[in-house]
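Single-structure report; data block below.
The values are calculated or read from the model by the stated rules, or taken from the named source; none is laboratory data. Only a predicted model underlies this, so the values are computations on that prediction, with no experimental measurement involved. Here the Cβ positions follow ideal geometry from the backbone for every residue, glycine too, while neighbour counts run over all protein chains shown.
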C-alpha cells in the first residue's frame, strides 16, 4: 500500500488549524469508493428509486432555490439512460425533461439509507484516514448530478465539511464568514441549518445587491480523488461542470455547534410564528422540500428550551471537569445524523501550527476582491490538476452592472417602490420576508442567542 502524504493524526491537526478552504491530494488513492462511478452505483442500487431535483438550464439573476425546482423519483439506471439520451421508454420520469434544457441532481442522499442492505459498501469511504476512527459511509451523503446541477449559495450552521470527489469535476465558489454583510443572508426558503444567500453569485444583480461587490470569492475546481475541506460557516455555491458528477461528503461536528443549535431553534420558532399567519405575504412557498413539515409553536418552544438546557448543562459539566483536572479533555455530546450515527466533534486548536502547504495540500485562493472595482476583469480561478500542480485558467466575465435578464428588467420602479406624492424619497414595500431577513440575520440571531445564554447563567 502506498504511503499517504499525511498520517490520520496529521490530517486532523491540519483541519483544526485551517481557517480557509484547502484541497487534500493523494489521500484517497486506495479508497474503494474511488470506483463509485455512476455505472457502478446503478448496478449496486438496481431498482431502488431515489429522488432527483430538476432545474431549468437558464440565465437568470435570481438564485434557483429548491422550492422552484421539479422533483422525480427514478432509478440510477433510468438516470444513466437519460444521460445517454436513450429512448423515452428507458428513461422513466425523465422523459418529460430534455437533457439539453434541464439538469438533474440526486443530492443529500444518506449513504447509510441507500446501502442499508449492503454494509460492505459503507466501508468504501475511509474518513478514518483524516483522523476520525471508525468514520465511514455511515456518516456521509452521496451527490450525483449532471452538468449544470448546482446547490444555491448558502452556509451550513453546523460543523465543517469534507468533500470527496469521485467522478467528474465540481466548481466551488466560496466566500469567508466575514463577508456575511455582502451575501444578503435569508432564511427563506427555510431549511434547518442552512442560511441561503439572496445573490446569484454567478450572475449577481448589482442593483439589488450592491454590497456583493465587496465579497471575496475563492474558486476551486475539484477533481476525482481530491478532498476539499470547507471550514465552518464558509458560504459556498457548488456546480457540476462535467456531464456526470459523483461526490461524497461528511459534516464534522464542532463543539461550538451547541450554541448554534440554540440559534437554529430560535430561528425556527420565529419563522414559523410569522409565516404560518394568514397574510397576502405568506402565500409563497417558504418551506424547503427537505423539511418534514411545519411544527407547532409549542413544539418549537420545547425544542428551544431543550437546546438552551443542553448547552447550559454541558458548559456546567465542562467547568466541573476543568476544575478537577485542567488537562482533562471536555466530554462532547454528539449530534446524530439521520442514520442514527454519532458525528465526531472537532476540538478547537490551542497552539500555533505551521500548515504544510505543498503538492499534497493546496490552499484555495481568493480570485478577486471587488471592493474597489465594480467590474471583475479576468478573474483567475484556482484549478487543481491531475499531476498535483496548481495553475490558473482565465475566465471572461461581463461587467457586473451590465448583465441583464428579461424577467428582472421587466420589473418597473413603480412595482418595487412607492414614491412620496410630494416628490419626496422613495420607499420600497416591506414584506414579511423583509422583516424576517432582518430578524433572522445571522448577526442578530447570534446576539439574541448570547443574551438568552447570559440570562440563563444569571438565573442559575
When you look at residue 6, is it in contact with a strand residue (DSSP E or B) (Cβ under 9 Å, 6 or more places away or on another chain) and either outside any helix (DSSP H, G or I) or on the phi > 0 side of the Ramachandran plot (or both), yes or no? yes
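Suppose we filter 231, 224, 189 for residues that are farther than 30 Å from residue 35 by Cα and either buried (at least 21 other Cβ atoms within 10 Å of the Cβ) or touching a residue at least 12 places away in the same chain (Cβ under 8 Å) (or both); which single one remains? Can you show your working first?
Working: 231 fails: farther than 30 Å from residue 35 by Cα; 224 fails: farther than 30 Å from residue 35 by Cα.
Only one candidate passes the filter, namely 189.
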Reported set for segment 168-178 where residues are assigned to a strand (DSSP E or B) and buried (at least 22 other Cβ atoms within 10 Å of the Cβ) is 170, 172, 174, 175
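Quickly run through segment 51-62 and pick out the residues that are assigned to a loop (DSSP other than H, G, I, E, B) and within 19 Å of the chain's Cα centre (by Cα). Before you say what the answer is, go through the steps one by one.
At the first step, the residues of segment 51-62 found to be assigned to a loop (DSSP other than H, G, I, E, B) are 57-62.
Across segment 51-62, the qualifying residue is only 62.
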Search result, residues across segment 63-94 that are in contact with a helix residue (DSSP H, G or I) (Cβ under 7 Å, 6 or more places away or on another chain) and assigned to a loop (DSSP other than H, G, I, E, B): 91
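Does segment 40-50 contain at least one residue that is within 20 Å of residue 150 (Cα to Cα) and either in the same structural domain as residue 108 (by the TED database) or assigned to a loop (DSSP other than H, G, I, E, B) (or both)? Steps first, answer last, please.
Filtering segment 40-50 down to residues within 20 Å of residue 150 (Cα to Cα) leaves 50.
Imposing the further condition that a residue be either in the same structural domain as residue 108 (by the TED database) or assigned to a loop (DSSP other than H, G, I, E, B) (or both) reduces the set to 50.
Scanning segment 40-50, I find at least one residue that is within 20 Å of residue 150 (Cα to Cα) and either in the same structural domain as residue 108 (by the TED database) or assigned to a loop (DSSP other than H, G, I, E, B) (or both), so the answer is yes.
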When you scan segment 248-263, do you find a residue that is surrounded by fewer than 22 Cβ atoms within 10 Å (Cβ to Cβ), without any contact (Cβ under 8 Å) to a residue 24 or more places away in the chain and either in contact with a helix residue (DSSP H, G or I) (Cβ under 9 Å, 6 or more places away or on another chain) or in a strand (DSSP E or B) (or both), even just one? no
Taking segment 194-219 on its own, how many of its residues are surrounded by fewer than 18 Cβ atoms within 10 Å (Cβ to Cβ) and either assigned to a strand (DSSP E or B) or under 14 Å from the mean Cα position of the chain (by Cα) (or both)? 1
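Considering only residues that are in contact with a helix residue (DSSP H, G or I) (Cβ under 6 Å, 6 or more places away or on another chain) and more than 16 Å from residue 226 (Cα to Cα), look in segment 141-158 and name the one that is surrounded by the most Cβ atoms within 10 Å (Cβ to Cβ).
158
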Within segment 99-120, does at least one residue satisfy the condition of being under 17 Å from residue 38 (Cα atoms), assigned to a loop (DSSP other than H, G, I, E, B) and free of Cβ contacts under 8 Å to residues at least 60 places away in the same chain? yes
I want to confirm something. Restricting to segment 277-300 and keeping residues that are at pLDDT 95 or above and surrounded by 15 or more Cβ atoms within 10 Å (Cβ to Cβ), which single residue is nearest to residue 50 (Cα to Cα)? 288
For segment 264-276, the count of residues that are in a helix (DSSP H, G or I) and surrounded by fewer than 16 Cβ atoms within 10 Å (Cβ to Cβ) equals 1
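Given the options 241, 230, 220, 201, name the one that is under 26 Å from residue 123 (Cβ atoms) and at pLDDT 95 or above. Show your work before the answer.
Values: 241 fails: under 26 Å from residue 123 (Cβ atoms); 220 fails: under 26 Å from residue 123 (Cβ atoms); 201 fails: under 26 Å from residue 123 (Cβ atoms).
Only one candidate qualifies: 230.
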Identity of the residue in segment 345-371, farther than 14 Å from residue 22 by Cβ and surrounded by 15 or more Cβ atoms within 10 Å (Cβ to Cβ), that ends up modelled with the highest pLDDT: 367
